[in-house]
Ligand code: ADP
Ligand code: ADP
Ligand code: ZN
């Protein structure tokens, strides 16, 4: 199964992709995570991407599509893929079609998390993750069970993203509205889009996604 999670920054794509990965053995393909790893490693793609990401703008289509193609090449044919934060532009959507075909895959669902933009700033400024295993948390909405200790790996080190600040978020929202939202009609025309309420709590959003992946009579 191959699915796309779509929604503006802070909509909950990474959180839900992580849960699907843990519960269904699907693989999360987050271009944001791949780009942050490239920046950290100092690779050519990372060097190009760093300033663009810090400004909240979009990295070039060629760079992100190459990352996705490369990652799919490492996966077994029967491993499901969750595209998280990709595609983000019409050219990326076209590239994804070609890349999927090349890897013998077809797109099953596009799940749009519908959210209220005003709430997203609060979600993003409160976001942090485990420095060791990457599990996502939030200061208010998604705290670890024991304060300051990662639920998954027990680490006590956490980190916040450089671009998760109120100013950059506005640019990222504007990029979403201008370049990403316009790709939805492409998938609508193919009857692939499911819209779910991303303002519900994390468990309810997961349930809504499960209902799409495993339709109940
Ligand atoms: P995205 O990947 O779409 O940018 P994240 O999954 O990283 O979004 O979520 C942004 C922040 O909001 C995280 O700190 C996460 O813990 C929190 N969060 C995710 N889903 C919800 C939800 N349904 N309700 C409240 N907070 C949420
Ligand atoms: P969020 O879901 O919170 O918007 P991501 O982790 O998906 O954040 O992306 C962080 C940044 O990485 C984006 O603001 C952008 O600069 C870059 N990026 C990630 N994915 C893409 C993509 N598909 N196309 C272009 N730029 C991307
Ligand atoms: Zn951890």
Residues in the stretch 36-52: is at least one closer than 16 Å to residue 84 by Cα, touching a helix residue (DSSP H, G or I) at 6+ places or on another chain (Cβ under 6 Å) and surrounded by 20 or more Cβ atoms within 10 Å (Cβ to Cβ)?
no
Here the residues within the stretch 140-175 that are surrounded by fewer than 16 Cβ atoms within 10 Å (Cβ to Cβ), in contact with a helix residue (DSSP H, G or I) (Cβ under 9 Å, 6 or more places away or on another chain) and assigned to a helix (DSSP H, G or I) are 166, 170, 171
Which of the residues spanning the stretch 122-139 are in a helix (DSSP H, G or I), more than 16 Å from residue 162 (Cβ to Cβ) and within 17 Å of the chain's Cα centre (by Cα)?
123
In the stretch 1-54, residue nearest to ligand 2 (Cβ to nearest atom) [restricted to those that are in a loop (DSSP other than H, G, I, E, B) and within 23 Å of residue 73 (Cα to Cα)]:
43
Those residues of the stretch 196-217 that are under 28 Å from residue 94 (Cβ atoms) and either under 16 Å from the mean Cα position of the chain (by Cα) or assigned to a loop (DSSP other than H, G, I, E, B) (or both) come to a total of 3
A careful count of residues in the stretch 55-71 that are surrounded by 15 or more Cβ atoms within 10 Å (Cβ to Cβ), within 10 Å of ligand 2 (Cβ to nearest atom) and assigned to a helix (DSSP H, G or I) gives 6
Contact list please: Cβ distance under 7 Å, first residue in the stretch 1-19 and closer than 11 Å to residue 202 by Cβ, second residue assigned to a strand (DSSP E or B) and within 16 Å of ligand 3 (Cβ to nearest atom), pairs at least six apart or on different chains.
15/136; 18/28; 18/136
Could you tell me whether any residue of the stretch 55-69 is closer than 25 Å to residue 193 by Cβ and touching a strand residue (DSSP E or B) at 6+ places or on another chain (Cβ under 8 Å)?
yes
When residue 127 is run through (1) surrounded by 14 or more Cβ atoms within 10 Å (Cβ to Cβ); (2) under 16 Å from residue 15 (Cα atoms); (3) within 12 Å of ligand 3 (Cβ to nearest atom), the failure sits at (3)
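Laboratory data are not the source of any read-out in this text; all were calculated from the coordinates shown. This one's a predicted model, so the numbers in the text were calculated from it and none came from an experiment. Positions of Cβ are backbone-derived with ideal geometry, glycine not excepted, and every protein chain shown enters the neighbour counts.
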